[in-house]
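Since the structure comes first, as C-alpha coordinates, the remarks are kept for the end.
The values are calculated or read from the model by the stated rules, or taken from the named source; none is laboratory data. Quick caveat: nothing in here was measured; it's all calculated off a predicted structure. All Cβ positions, glycine included, derive from the backbone under ideal geometry; neighbour counts span all protein chains shown. What goes into the accessible areas is simple: the full protein's heavy atoms, side chains included, and nothing from ligands, DNA or RNA. Shrake-Rupley method; radii C 1.70, N 1.55, O 1.52, S 1.80 Å.
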Amino acid sequence: MEKTGLVARVAEAAASIDEGRKGLDTDGGEREGRIAFHDGLSTGMDAFLEVLALGDAKMFILAEYTFFSQEREFCDPSDTFAIASLTQAVQSFDDAFRALKVVGSPAYRAVEEATPHRKEYRYHGMPKDAYHIACEAHRARLSNALRTPGINMTEKALLQQRLANLPAAQNAYADLQRAVLGDLDQEEDAGRM
(Lines give C-alpha, C1' and ligand atoms only; values in the text may rest on other atoms or scores of the structure.)
Protein backbone atom coordinates (compact mmCIF):
# COMPACT_ATOMS: atom_id res chain seq x y z
CA MET A 1 0.00 0.00 0.00
CA GLU A 2 2.91 2.36 0.73
CA LYS A 3 4.07 2.26 -2.88
CA THR A 4 0.53 2.73 -4.21
CA GLY A 5 0.14 5.82 -2.04
CA LEU A 6 3.47 7.12 -3.27
CA VAL A 7 2.43 6.76 -6.91
CA ALA A 8 -0.85 8.53 -6.10
CA ARG A 9 1.11 11.44 -4.56
CA VAL A 10 3.28 11.69 -7.69
CA ALA A 11 0.12 11.89 -9.83
CA GLU A 12 -1.37 14.44 -7.43
CA ALA A 13 1.79 16.55 -7.66
CA ALA A 14 1.68 16.64 -11.46
CA ALA A 15 -2.03 17.53 -11.39
CA SER A 16 -1.48 20.35 -8.88
CA ILE A 17 1.42 21.74 -10.89
CA ASP A 18 -0.77 21.77 -14.01
CA GLU A 19 -3.68 23.34 -12.13
CA GLY A 20 -1.31 25.97 -10.79
CA ARG A 21 0.13 26.82 -14.20
CA LYS A 22 -3.37 27.24 -15.60
CA GLY A 23 -4.37 29.39 -12.62
CA LEU A 24 -1.31 31.58 -13.04
CA ASP A 25 -2.36 32.13 -16.66
CA THR A 26 -5.98 33.00 -15.79
CA ASP A 27 -7.00 36.52 -14.87
CA GLY A 28 -8.19 36.43 -11.26
CA GLY A 29 -6.85 32.91 -10.65
CA GLU A 30 -3.26 33.87 -9.95
CA ARG A 31 -3.39 33.45 -6.16
CA GLU A 32 -5.02 30.01 -6.27
CA GLY A 33 -2.74 29.07 -9.16
CA ARG A 34 0.37 30.02 -7.23
CA ILE A 35 -0.81 28.00 -4.20
CA ALA A 36 -1.63 24.91 -6.31
CA PHE A 37 1.66 25.24 -8.22
CA HIS A 38 3.78 25.40 -5.08
CA ASP A 39 1.77 22.65 -3.37
CA GLY A 40 2.38 20.44 -6.41
CA LEU A 41 6.10 21.18 -6.42
CA SER A 42 6.35 20.48 -2.69
CA THR A 43 4.38 17.23 -2.95
CA GLY A 44 6.46 16.19 -5.94
CA MET A 45 9.74 16.91 -4.17
CA ASP A 46 8.67 14.92 -1.11
CA ALA A 47 7.51 12.01 -3.27
CA PHE A 48 10.68 11.86 -5.40
CA LEU A 49 12.85 12.05 -2.26
CA GLU A 50 10.86 9.14 -0.84
CA VAL A 51 11.38 7.21 -4.09
CA LEU A 52 15.12 7.81 -3.75
CA ALA A 53 15.06 6.56 -0.15
CA LEU A 54 13.26 3.36 -1.20
CA GLY A 55 15.97 2.56 -3.75
CA ASP A 56 13.63 0.23 -5.64
CA ALA A 57 14.38 -0.08 -9.37
CA LYS A 58 10.72 -0.49 -10.31
CA MET A 59 9.54 2.35 -8.10
CA PHE A 60 12.03 4.78 -9.65
CA ILE A 61 10.61 4.35 -13.12
CA LEU A 62 7.02 3.95 -11.96
CA ALA A 63 7.18 7.37 -10.28
CA GLU A 64 8.72 9.02 -13.34
CA TYR A 65 6.30 7.24 -15.67
CA THR A 66 3.36 8.45 -13.59
CA PHE A 67 4.63 12.02 -13.51
CA PHE A 68 5.35 12.44 -17.20
CA SER A 69 2.22 10.52 -18.23
CA GLN A 70 0.23 13.08 -16.25
CA GLU A 71 2.21 15.89 -17.89
CA ARG A 72 1.38 14.46 -21.31
CA GLU A 73 -2.29 14.19 -20.37
CA PHE A 74 -2.36 17.86 -19.37
CA CYS A 75 -0.46 19.12 -22.44
CA ASP A 76 -2.23 21.54 -24.70
CA PRO A 77 -2.99 19.59 -27.89
CA SER A 78 -1.14 22.22 -29.92
CA ASP A 79 2.10 21.62 -27.95
CA THR A 80 3.29 18.99 -30.41
CA PHE A 81 6.96 19.12 -29.32
CA ALA A 82 6.15 18.33 -25.68
CA ILE A 83 3.61 15.67 -26.64
CA ALA A 84 6.12 13.98 -28.98
CA SER A 85 8.84 14.02 -26.33
CA LEU A 86 6.56 12.66 -23.60
CA THR A 87 5.17 10.01 -25.97
CA GLN A 88 8.75 8.85 -26.63
CA ALA A 89 9.31 8.75 -22.87
CA VAL A 90 6.22 6.57 -22.38
CA GLN A 91 7.38 4.17 -25.10
CA SER A 92 10.91 4.04 -23.68
CA PHE A 93 9.67 3.35 -20.16
CA ASP A 94 7.25 0.70 -21.45
CA ASP A 95 10.37 -1.08 -22.74
CA ALA A 96 12.04 -0.59 -19.34
CA PHE A 97 9.09 -2.25 -17.60
CA ARG A 98 9.51 -5.23 -19.93
CA ALA A 99 13.20 -5.43 -19.00
CA LEU A 100 12.23 -5.42 -15.32
CA LYS A 101 10.01 -8.45 -15.90
CA VAL A 102 12.87 -10.58 -17.23
CA VAL A 103 15.88 -9.32 -15.27
CA GLY A 104 15.12 -11.65 -12.37
CA SER A 105 15.02 -14.82 -14.45
CA PRO A 106 17.87 -17.12 -15.43
CA ALA A 107 16.88 -16.48 -19.06
CA TYR A 108 18.36 -13.00 -18.61
CA ARG A 109 21.79 -14.56 -19.22
CA ALA A 110 20.84 -14.55 -22.91
CA VAL A 111 20.72 -10.74 -22.78
CA GLU A 112 24.25 -10.76 -21.38
CA GLU A 113 25.45 -13.02 -24.19
CA ALA A 114 23.74 -10.95 -26.88
CA THR A 115 24.94 -7.54 -25.65
CA PRO A 116 28.32 -6.28 -26.88
CA HIS A 117 30.97 -5.95 -24.22
CA ARG A 118 32.23 -2.57 -25.38
CA LYS A 119 31.92 0.24 -22.84
CA GLU A 120 29.11 2.08 -24.64
CA TYR A 121 26.89 -1.00 -24.29
CA ARG A 122 27.55 -1.42 -20.55
CA TYR A 123 26.53 0.23 -17.33
CA HIS A 124 29.07 -0.60 -14.62
CA GLY A 125 29.82 -3.85 -16.44
CA MET A 126 26.17 -4.84 -16.83
CA PRO A 127 24.32 -5.00 -20.18
CA LYS A 128 22.82 -1.66 -21.12
CA ASP A 129 19.33 -2.92 -21.86
CA ALA A 130 16.01 -1.09 -22.23
CA TYR A 131 15.96 -0.01 -18.58
CA HIS A 132 19.30 1.77 -18.82
CA ILE A 133 18.44 3.23 -22.23
CA ALA A 134 15.17 4.67 -20.87
CA CYS A 135 16.99 6.26 -17.93
CA GLU A 136 19.64 7.79 -20.19
CA ALA A 137 17.07 9.20 -22.62
CA HIS A 138 15.07 10.63 -19.73
CA ARG A 139 18.23 12.15 -18.25
CA ALA A 140 18.68 14.07 -21.51
CA ARG A 141 15.02 15.15 -21.46
CA LEU A 142 15.26 16.46 -17.87
CA SER A 143 18.62 18.13 -18.54
CA ASN A 144 17.09 19.97 -21.48
CA ALA A 145 14.18 21.11 -19.31
CA LEU A 146 16.65 22.47 -16.74
CA ARG A 147 18.20 24.65 -19.44
CA THR A 148 14.90 26.36 -20.19
CA PRO A 149 15.05 30.01 -19.14
CA GLY A 150 12.28 31.36 -16.95
CA ILE A 151 11.63 28.24 -14.88
CA ASN A 152 11.56 29.24 -11.23
CA MET A 153 14.16 27.78 -8.90
CA THR A 154 11.62 25.67 -6.97
CA GLU A 155 10.55 23.94 -10.17
CA LYS A 156 14.20 23.54 -11.15
CA ALA A 157 14.86 21.89 -7.77
CA LEU A 158 12.18 19.29 -8.54
CA LEU A 159 13.68 18.68 -11.99
CA GLN A 160 17.14 18.33 -10.40
CA GLN A 161 15.81 15.81 -7.87
CA ARG A 162 14.19 13.76 -10.62
CA LEU A 163 17.46 13.93 -12.55
CA ALA A 164 19.44 12.84 -9.48
CA ASN A 165 17.14 9.83 -9.05
CA LEU A 166 18.10 8.39 -12.45
CA PRO A 167 21.65 7.21 -11.61
CA ALA A 168 20.25 5.72 -8.38
CA ALA A 169 17.61 3.95 -10.47
CA GLN A 170 20.27 2.55 -12.79
CA ASN A 171 22.39 1.42 -9.84
CA ALA A 172 19.41 -0.34 -8.26
CA TYR A 173 18.66 -2.03 -11.57
CA ALA A 174 22.32 -3.02 -12.03
CA ASP A 175 22.08 -4.74 -8.64
CA LEU A 176 19.18 -6.80 -10.01
CA GLN A 177 21.29 -7.64 -13.05
CA ARG A 178 24.22 -8.66 -10.82
CA ALA A 179 21.94 -10.92 -8.79
CA VAL A 180 21.31 -12.95 -11.95
CA LEU A 181 24.60 -12.50 -13.79
CA GLY A 182 27.11 -12.29 -10.95
CA ASP A 183 30.19 -10.11 -11.15
CA LEU A 184 30.95 -10.17 -14.87
CA ASP A 185 34.30 -8.41 -14.48
CA GLN A 186 35.60 -11.25 -12.28
CA GLU A 187 34.20 -13.89 -14.65
CA GLU A 188 35.87 -12.23 -17.65
CA ASP A 189 39.17 -11.95 -15.75
CA ALA A 190 38.99 -15.66 -14.84
CA GLY A 191 38.23 -16.55 -18.50
CA ARG A 192 41.38 -14.73 -19.64
CA MET A 193 43.65 -16.74 -17.36
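With the Cα gyration tensor of the stretch 36-96 in hand, give its eigenvalues times 5 under a square root as the equivalent ellipsoid semi-axes, listed largest first in whole angstrom.
22, 18, 6
Normalised by the empirical 2.2 N^0.38 Å for globular proteins, what value does the Cα Rg of the chain take?
1.16
Between 0 and 90 degrees, rounded to the nearest ten: what's the tilt of helix 153-181 against the longest Cα principal axis of the chain?
The helix 153-181 is inclined about 20 degrees to the chain.
Given Cβ point charges of +1 (Lys, Arg) and -1 (Asp, Glu) and nothing else, what value in debye, to the nearest 20, does the dipole of the chain about its Cα centre take?
The dipole magnitude comes to about 380 debye.
Which Cα, out of Ala157, Met45, Gly125, lies furthest along the positive dipole direction of the chain (beta carbon charges, K/R +1, D/E -1)?
Gly125
Report the FRET efficiency, 1/(1 + (r/R0)^6), for Asp79 and Arg109, where r is their Cβ-Cβ distance and R0 is 41 Å, rounded to 0.05.
The calculated FRET efficiency here is 0.40.
Compute, for Met45, the solvent-accessible surface of its heavy atoms (probe 1.4 Å) with the complete set of protein chains present, and express it in square angstrom to the nearest 10.
Rounded to the nearest 10, the figure is 50 Å².
Tell me the label-point distance for the pair Lys101, Arg122, using the 7 Å Cα-to-Cβ offset, in nm and rounded to one decimal.
2.9 nm
Is there a quick way to get the dipole size of the stretch 1-64? I mean about its Cα centre, with the Cβ of Lys and Arg at +1 and of Asp and Glu at -1; what is the value in debye to the nearest 20?
With only Lys, Arg, Asp and Glu charged at Cβ, the dipole is about 120 debye.
Could you tell me what % of all Cα pairs in the stretch 89-170 have separations over 19 Å?
46 percent
Mind running the shape call on the stretch 1-104? Use the C-alpha gyration tensor, a ≥ b ≥ c as the square roots of the eigenvalues: rounded below 1.5 for a/c, prolate if a/b tops b/c, oblate otherwise.
Verdict is oblate for the stretch 1-104.
How big is the accessible area of Lys156 in square angstrom, nearest 10, if you roll a 1.4 angstrom probe over the protein chains?
Roughly 40 Å² of Lys156 is accessible to a 1.4 Å probe.
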